[in-house]
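The values are calculated or read from the model by the stated rules, or taken from the named source; none is laboratory data. Note that the coordinates shown come from a computational prediction; the quantities given were computed from them, not determined experimentally. Methodologically, a virtual Cβ is constructed for each residue, glycine included, from the backbone with ideal geometry; neighbour enumeration extends over all protein chains shown.
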Amino acid sequence: MAAAKRLRVTVITPARTVLEQDAVSVVLPAFDGEWGILPGHAPLMALLGCGRLTVADGEGKRERIAIRGGFLQVSSDVVTVLTAEAAAPDEIDAAKVNEELRELKAASPKEPDREAHEQQQAWAQARLKLLTNESSAGHN
């Protein structure tokens with residue numbers, strides 16, 4: 001029996017390579033909604049949003065990472081994610097992120113800074129959501 005096709009997934013920030021592994025699927029936050037990538041996907045480039053990236057290895061293990069926007073490239077079963085920031089659940093301090101979110105919500109940025117402020121809030125919310133989903137997901 002032939003081996004199933006797999007994806008090679010790499011997640012890179014300016015500071016480090018966060019993830020590099022083979023997978024059977026990837027689900028990630030595009031700027032316009034959640035997208036799924038399977039082996040054999042057509043070549044693609046896309047703008048990413050803030051949210052959870054999930055990589056399934058085909059053996060029941062899923063890696064979950066919060067990402068802060070960036071770009072996706074899919075070509076010949078190679079999935080490359082370039083993102084400004086990424087955080088695995090064990091890298092997130094919920095108390096610090098909650099405090100950051102409280103401060104962001106209390107602030108009232110003026111017009112030129114409003115978009116950056118909203119992006120900071122989205123990043124904080126994405127990290128907290130990852131932790132919430134991790135605690136309720138168990139081994140999935």
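Couple of notes before you dig in:
- Residues of segment 42-61 that turn out to be assigned to a loop (DSSP other than H, G, I, E, B) and over 15 Å from residue 10 (Cβ atoms), as a count: 6
- For segment 59-73, taking the residues that are more than 8 Å from the chain's Cα centre (by Cα) and among the basic types (Lys, Arg), the one that is surrounded by the fewest Cβ atoms within 10 Å (Cβ to Cβ) is identified as 61.
- Test: residue in segment 16-29 that is more than 24 Å from residue 123 (Cβ to Cβ) and of a type in the set (Asp, Glu): yes
- Subset tally (residues that are in a loop (DSSP other than H, G, I, E, B), farther than 15 Å from residue 132 by Cβ, in contact (Cβ under 8 Å) with a residue 60 or more places away in the chain and not hydroxyl-bearing (Ser, Thr, Tyr)) for segment 62-115: 3
- Candidate set from segment 116-140 (those that are surrounded by fewer than 11 Cβ atoms within 10 Å (Cβ to Cβ) and not in a helix (DSSP H, G or I)); member that is modelled with the highest pLDDT: 138
Residue-by-condition table, conditions (1) over 12 Å from the mean Cα position of the chain (by Cα); (2) of a type outside the set (S, T, N, Q):
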site: 45; (1), (2): yes, yes
site: 49; (1), (2): no, yes
site: 57; (1), (2): yes, yes
site: 75; (1), (2): yes, no
site: 89; (1), (2): no, yes
site: 107; (1), (2): yes, yes
site: 113; (1), (2): yes, yes
site: 117; (1), (2): yes, yes
site: 129; (1), (2): no, yes
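- Condition met for residue 16 (touching a strand residue (DSSP E or B) at 6+ places or on another chain (Cβ under 7 Å), assigned by TED's automatic domain parsing to the domain that holds residue 67 and basic (Lys, Arg)): no
- Residue check for residue 51: in contact (Cβ under 8 Å) with a residue 60 or more places away in the chain and on the phi > 0 side of the Ramachandran plot: yes
- Residue that is buried (at least 17 other Cβ atoms within 10 Å of the Cβ), farther than 18 Å from residue 133 by Cβ and hydroxyl-bearing (Ser, Thr, Tyr), where the choices are 54, 13: 13
- Total residues in segment 62-97, condition touching a Pro at 6+ places or on another chain (Cβ under 8 Å), of a type in the set (Ser, Thr, Tyr) and either closer than 16 Å to residue 34 by Cβ or not assigned by TED's automatic domain parsing to the domain that holds residue 34 (or both): 0
- Residues of segment 1-33 satisfying the condition of being in a strand (DSSP E or B) and more than 17 Å from residue 86 (Cβ to Cβ): 7, 8, 22, 25, 33
- Unmet criterion (only one of (1) at pLDDT 95 or above; (2) loosely packed, with under 15 Cβ neighbours inside 10 Å; (3) of a type in the set (Gly, Ala, Ser)) for residue 86: (2)
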